[in-house]
Amino acid sequence: MKRLENKVAVVAGAATGIGAACARRFVEEGAKVIIGDLNIDTANQLADELGNAAIAVKYDAADEASIKHLIDSAVDKFGALHVLHNNVALTSKVAQTTDLNVTDISLSTWEDIMRVNTTSFLIGTKYAVPHMIASGGGAIVNTASNSGRFGDVVRTAYGASKAAVISLTQHIAVQYGKQGIRCNAIAPGVILTDAMKSLPELVTLIEPHIVTPEFGEPHDVAALAAFLASDESRYITGQVIPIDGGASIHHPQLADIMRNSETKGLS
């Protein structure tokens with residue numbers, strides 16, 4: 001039996017990248033999937049690819065009514081809701097170039113990023129929980145980030161929003177665990193999405209800091225999300241699971257030590 005057989009899932013932010021990989025994996029595992037995205041044309045293309053097991057719904061993660069419509073669409077179309085994967089994030093070029101350090105960031109940038117990256121997760125969960133309880137329980141998977149676990153010289157709002165997602169995940173898990181709802185967060189490091197592949201200099205810079213032979217790809221995150229969405233993870237809740245090739249498990253000077261060892265022929 002497929003792990004998500006007879007389950008209905010909403011993936012918020014699913015038209016491309018990690019979200020699209022998760023939607024595909026959920027369908028492969030037997031779920032009916034609502035593909036939520038502002039880019040409805042690309043979302044429709046993915047839904048067409050996945051067939052009758054998926055439908056696309058246009059939604060704006062900055063608008064409460066739109067988020068509620070996305071959640072309600074699962075019940076309207078498939079009669080239940082068992083899985084919510086909050087995956088959306090504000091990653092536009094404007095956001096990336098204006099999300100600076102604490103003294104230089106604009107308040108509007110901060111508020112825009114927090115609204116999409118964190119508040120939308122709260123709103124989605126707010127409307128999903130009653131449906132999940134009515135469906136006999138469920139699983140919420142939130143996409144956090146290593147940026148929510150460590151500091152940086154820029155991307156202040158992004159990091160803070162993802163740290164808030166981690167705390168929100170724990171609060172949800174505590175508040176609704178006895179009602180059969182689990183909530184966990186995934187914290188990706190560098191994942192070779194199309195967007196990341198367009199930044200080869202950054203990939204080269206980070207490569208010495210992972211301890212696996214290769215970088216992860218969207219399907220690796222999807223595999224973890226499918227496990228957390230399934231009943232196989234029924235005793236796991238409130239956890240933040242890094243998926244980063246080991247980048248967060250070692251001392252920060254390790255890459256320099258290894259590089260020096262190789263230079264001296266000690267490796």
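Nothing in this text is a laboratory measurement; each read-out follows from the coordinates by a stated rule. These figures come from a predicted structure and were not determined experimentally. Note that each Cβ is placed from the backbone with ideal geometry, even for glycine, and that neighbours are counted across all protein chains shown.
Projected area of the stretch 153-267, taken from the Cα convex hull and averaged over every viewing direction, in nm²?
Over every viewing direction, the Cα hull of the stretch 153-267 projects on average to 9.2 nm².
Find the centroid of the Cα atoms in the stretch 56-110 and in the stretch 124-174, then give the distance between the two in whole Å.
What the calculation gives is 12 Å, centre to centre.
Tell me the relative contact order for the stretch 202-267 as a rounded percent, counting alpha carbon contacts under 8 Å between residues six or more apart.
RCO, the stretch 202-267: 43 percent.
Tell me the angle of helix 17-28 to the major Cα principal axis of the chain, expressed in degrees between 0 and 90 and rounded to the nearest ten.
50
For each pair in Lys7/Lys126; Lys32/Lys93; Lys93/Lys178; Lys58/Lys197; Lys58/Lys126, compute the distance between the two Cα atoms and list the pairs where it is over 31 Å.
Lys32/Lys93; Lys93/Lys178
If amide hydrogens are placed 1.01 Å from N in the peptide plane, which non-local residues have theirs closer than 5 Å to the one on Val240?
Here Ala185 satisfy the definition.
May I ask you to list the residues of the stretch 9-47 whose amide nitrogen lies under 12 Å from a point 7 Å from Cα along the Cα→beta-carbon direction of Thr91?
Label zone hits: 13-21.
State, in angstrom, two size descriptors of the stretch 7-122 derived from its alpha carbons: Rg to one decimal place and Dmax to the nearest whole number.
Expressed in Å, the Cα Rg and Dmax of the stretch 7-122 come to 15.0, 50.
At 222 nm, what helix-only mean residue ellipticity would the chain give, in deg cm²/dmol to the nearest 500, using -39500 (n - 2.57) for each DSSP H run of four or more?
The helix contribution divided over the chain gives -13500 deg cm²/dmol.
Restricting to DSSP loop positions (anything but H, G, I, E, B) with no more than 14 other Cβ atoms inside 10 Å of their own Cβ, which GluC sites (Glu not before Pro) remain in the stretch 1-73?
Those satisfying the criteria are Glu5.
Eigenvalues of the Cα gyration tensor times 5, then square-rooted: what semi-axes does that give for the stretch 60-158, in whole angstrom, largest first?
Listed largest to smallest, the semi-axes of the stretch 60-158 are 31, 14, 9 Å.
Using only the alpha-carbon atoms, how far is helix 254-263 inclined from the longest principal axis of the chain? Give it as 0 to 90 degrees, nearest 10.
50
Report relative contact order for the stretch 80-186 in percent, whole number only (criteria: Cα-Cα under 8 Å, sequence separation at least 6).
Computed value for the stretch 80-186: 34 percent relative contact order.
Mean separation of Cα pairs under 8 Å and 6+ residues apart, divided by the residue count of the chain: what relative contact order is that in percent?
Here the relative contact order equals 18 percent.
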